[in-house]
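To keep things clear, I will list the structure first and then write my remarks on it.
The values are calculated or read from the model by the stated rules, or taken from the named source; none is laboratory data. Note that the structure is a prediction, hence the values are computed from the model and not measured. When we count neighbours, we look across all protein chains shown, and the Cβ atoms used for this are built from the backbone with ideal geometry, even at glycine.
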């Protein structure tokens with residue numbers, strides 16, 4: 001099994017996805033251990049010297065002027081976990097929690113927080129033994145970091161809270177007992193270091209960006225298939241057009257689609273026909289999909305910076321023995337990138353739904369109404385378009401930017417917050433909706449291929465043909481009405497597995513998703 005050293009610099013999105021989603025082993029090197037121990041020793045020294053340091057020998061937030069006696073510093077760190085664990089709602093998915101833990105380990109490994117190596121070992125144990133702390137999804141305003149959700153993570157370290165282990169939701173203390181370890185006794189600053197940062201919003205962002213790249217590629221595949229069966233032109237993807245408006249995503253989309261429709265007998269069959277121009281959903285696909293790709297690329301850049309940053313406070317610079325109070329925990333960069341990404345992903349769904357309408361509407365194509373023979377008795381994909389329209393409409397609400405809102409907290413000490421975790425949670429919901437919309441387009445396009453070939457057998461392009469073959473391995477031709485939701489859910493799972501993208505890339509080379 002793959003091992004990912006979580007203290008390495010830099011760490012990548014793929015590293016985190018490997019640990020979070022595919023259970024790669026979480027490792028830690030001697031170099032990271034040396035950084036951590038140097039800083040934690042300095043914290044111990046300062047506590048013994050009775051130095052006044054925010055969050056280590058003082059209260060938190062608006063109570064930062066309250067000095068905490070040395071004998072109470074450990075209790076202070078336990079108290080912050082208990083008092084801040086005020087999360088609400090259903091638990092975050094296991095893969096998100098694992099990404100949070102991996103990101104927290106990486107941040108602590110950089111040696112700016114003062115956490116001990118023992119505390120990091122507990123987190124590594126959770127990752128490698130399959131312990132998933134129960135973290136409610138709601139309750140973070142995105143500054144000072146993701147306090148409420150990460151406090152729920154910290155509770156399990158001290159034998160409180162809840163976690164899923166061996167397939168069961170259990171009290172944190174019981175999970176530690178089964179692991180054969182004692183509840184952690186936190187030292188100076190460790191409770192604050194465990195919760196103060198952007199790890200929750202960033203963890204969701206890591207997974208969303210990963211999936212958005214795949215979705216962007218799949219949307220291009222669906223578009224290429226629809227282009228063929230609607231008898232569209234390949235001329236609008238000519239590189240000459242896009243070279244003189246060189247947005248990277250636009251160029252990438254045109255290139256993707258042009259490669260997929262190579263050798264298409266369907267497109268060749270209507271060369272020189274009377275139609276002058278295709279509808280925008282086909283002709284402007286490079287511009288529309290391309291803008292979404294640029295949004296994905298921007299989000300990737302922001303996430304890459306964030307996963308290799310320290311977002312706690314206070315910051316300990318061990319080499320110079322200095323403390324700096326700052327605001328790296330503020331989630332505004334993630335919040336704004338998430339809102340931009342939400343719009344980009346939502347637009348992939350919006351244009352896909354319009355192509356679905358062109359596929360099922362006989363006034364907009366030469367295909368049978370709702371892509372079914374014996375229409376009237378059969379409704380075919382009629383309600384598939386309804387479902388796609390509902391999801392697209394829902395996304396219009398979800399894409400409202402979260403980052404433009406702020407509600408002051410901590411007695412107005414924290415008087416501007418990012419709402420970054422809300423923003424990226426909305427992005428994740430939008431992405432799931434668009435996966436379903438694109439899955440419906442793929443089903444409709446594959447159905448149209450079969451209907452066309454009933455009249456005149458013709459091959460699709462080398463890429464679209466590969467996509468069609470994967471679809472038909474999982475979902476048969478719709479010869480009469482059946483439970484449509486089963487086909488849609490099957491198609492979504494195939495899309496999420498990456499099987500379609502892999503099959504197409506095996507034929508045409510790597511597609512660009514951002």
### Message
I want to confirm something. Restricting to the range 5-26 and keeping residues that are touching a residue at least 60 places away in the same chain (Cβ under 8 Å) and in a strand (DSSP E or B), which single residue is farthest from residue 104 (Cα to Cα)?
### Response
25
### Query
Got a sec? Which of 111, 130, 89, 61 is crowded, with 23+ Cβ neighbours inside 10 Å and on the phi > 0 side of the Ramachandran plot?
111
#### Entry: the range 451-467, residues that are within 36 Å of the chain's Cα centre (by Cα) and without any contact (Cβ under 8 Å) to a residue 60 or more places away in the chain
465, 466
### Task
Pick out the one residue from 171, 149, 133, 93 that is without any contact (Cβ under 8 Å) to a residue 24 or more places away in the chain, within 24 Å of the chain's Cα centre (by Cα) and farther than 22 Å from residue 322 by Cα.
93
### Query
Just one of the numbered conditions (1) under 27 Å from residue 216 (Cβ atoms); (2) surrounded by fewer than 21 Cβ atoms within 10 Å (Cβ to Cβ); (3) modelled with pLDDT of 95 or more; (4) touching a helix residue (DSSP H, G or I) at 6+ places or on another chain (Cβ under 8 Å) is not true of residue 368; which one?
(1)
### Task
Mind counting the residues in the range 371-393 that are in a loop (DSSP other than H, G, I, E, B), crowded, with 16+ Cβ neighbours inside 10 Å and at positive phi?
1
### Message
Looking at the range 143-165 only, could you name the residues that are more than 21 Å from residue 314 (Cβ to Cβ) and part of a loop (DSSP other than H, G, I, E, B)?
### Response
158, 159, 160, 161
### Query
Counting only residues that are without any contact (Cβ under 8 Å) to a residue 40 or more places away in the chain and in contact with a helix residue (DSSP H, G or I) (Cβ under 8 Å, 6 or more places away or on another chain), which one in the range 468-489 is surrounded by the most Cβ atoms within 10 Å (Cβ to Cβ)?
471
### Query
Within the range 118-142, how many residues are in a helix (DSSP H, G or I) and farther than 20 Å from residue 19 by Cα?
1
### Task
State whether one or more residues within the range 43-50 are surrounded by fewer than 17 Cβ atoms within 10 Å (Cβ to Cβ), in contact with a helix residue (DSSP H, G or I) (Cβ under 7 Å, 6 or more places away or on another chain) and outside any helix (DSSP H, G or I).
yes
### Task
Return yes when residue 180 is under 31 Å from the mean Cα position of the chain (by Cα) and either surrounded by 15 or more Cβ atoms within 10 Å (Cβ to Cβ) or without any contact (Cβ under 8 Å) to a residue 12 or more places away in the chain (or both) and no when it is not.
no
### Task
Just name the residue that is surrounded by the most Cβ atoms within 10 Å (Cβ to Cβ) out of those in the range 11-30 that are out of contact with any strand residue (DSSP E or B) (no Cβ under 9 Å at 6 or more places or on another chain) and farther than 20 Å from residue 304 by Cβ.
23
### Message
Condition first: over 20 Å from residue 288 (Cβ atoms), assigned to a helix (DSSP H, G or I) and in the same structural domain as residue 220 (by TED's automatic domain parsing). Can you find one or more residues in the range 394-413 that meet it?
### Response
yes
